[in-house]
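Let me begin by presenting the structure, written as structure tokens, before commenting on it.
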There are 2 protein chains.
Amino acid sequence: MNSIDVALICRAMGDSNRLQIVQMLSEGEKCACKLLEKFVITQPTLSHHMRILCECGLVEVRKEGKWNHYTLNCDTLAAFINFISGLECCGKDVGLCQ
Amino acid sequence: MNSIDVALICRAMGDSNRLQIVQMLSEGEKCACKLLEKFVITQPTLSHHMRILCECGLVEVRKEGKWNHYTLNCDTLAAFINFISGLECCGKDVGLCQ
DNA sequence: CGGACGAATAGATAATTGTCAATATGTCAT
DNA sequence: ATGACATATTGACAATTATCTATTCGTCCG
């Protein structure tokens, strides 16, 4: 996963509504209606947020009749976690960790 | 670390210049001049980006005479990695992973 | 078919953001 | 003190964004 993809995901998660949506999806698949209950936003606004989350690859939608069911995309999430986990803070010029 | 802090950090890393700066700092402490070399932005713009990175707590500055030296903040980074790593994708309604 | 209902799109708007040029501030060396 | 240089601040502007209302599109059921 390259920096551009990571930046896109970060940007997607940089909105607090969307971050909370990601947290909810981390618990498992949720339908749009369920998500909508949780926030004080309109349906078009939720649709907008879900689109951004889907476009960066972090979220997938399963359409079932009239309803949309959302899940986190395992591959994207794993790659993102991998990237973030690879960041280090101890590489001081001193050459010592801690 | 609560969602608001995480969203702030994500937003900070949601700009591709800033994400690349974070990657560079992951290699170790860097001075502003060194960072500036790497990007096609002006000094005030770099200053602006560093401020955003510092304000969310991800980056720390060490002022030494005329120069600023930046590092990643270990505590914040660790808390952030911890939060992100805690996200899961396999919590489908089915109740099965994979 | 036709109404009901969930989701998407269009259009508008206020707020935020990334960037720059110009200027100010702070620190060092002479 | 004064000039040189690193950084910060200010003010401006174009681009992006989060949100809404109004409308359209899709799917189901009677």
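We did not get these values from a lab; they are worked out from the coordinates using the rules stated. As the structure is a prediction and not an experimental result, all values here were calculated from the model. Quick reminder, even Gly has a Cβ in these numbers, built from the backbone with ideal geometry, and neighbours come from all protein chains shown.
List of remarks:
- Over all Cα atoms in the protein assembly as shown, the spread is summed up by Rg and Dmax: 18.4, 65 Å.
- Legend: calculated FRET efficiency, residue B:52 to residue A:26, from the Cβ-Cβ distance at R0 = 22 Å, rounded to 0.05, equals 0.25.
- Filtered GluC sites (Glu not before Pro), the stretch B:9-98: DSSP coil and at most 15 other beta carbons within 10 Å: B:27, B:88
- For the peptide A:24-32, the mean number of other protein chain Cβ atoms found within 10 angstrom of a residue's Cβ is 3.
- For the segment A:74-86, counting C-beta atoms of other chains within 10 Å of every residue's C-beta and taking the mean gives 3.
- FRET efficiency, residue B:16 to residue A:75 (Cβ-Cβ, R0 22 Å, nearest 0.05): 0.55
- With N as its number of residues, the stretch A:3-85 has a Cα radius of gyration that, divided by 2.2 N^0.38 Å, comes to 1.04.
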